[in-house]
């Protein structure tokens, strides 16, 4: 019986750790993109809507943030590369995707 409780406890700890890691990646990536947009691009924080997501792409591209700017029809997709640089992966406008993979800072 004690073995079952230990196994369940370990399983719960692993699940909590995995969820915590995902939330950490979401928050840090979103914060770095927001900082870039507000400091470097001089956009007002109120005009920016972000949503972090898992892109199911290899490496750093897996943790992306979609950005919509008020009064702009484009949707921007950013990620943070392994050097800590913000990368504009692509934009989507009227269903047309343009892939850039351009380092922004």
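Checked against the criterion of being within 17 Å of residue 102 (Cβ to Cβ), surrounded by 12 or more Cβ atoms within 10 Å (Cβ to Cβ) and in contact with a helix residue (DSSP H, G or I) (Cβ under 6 Å, 6 or more places away or on another chain), the stretch 36-53 contains not a single residue that satisfies it. Apart from one condition, residue 56 fits all of (1) surrounded by 10 or more Cβ atoms within 10 Å (Cβ to Cβ); (2) under 18 Å from the mean Cα position of the chain (by Cα); the exception is (1).
Read-outs throughout are calculated quantities, based only on the coordinates presented, and are distinct from any laboratory measurement. Computed from a predicted structure; not experimentally measured. In this analysis, Cβ positions are derived from the backbone assuming ideal geometry, glycine residues included, and neighbour counts consider all displayed protein chains.
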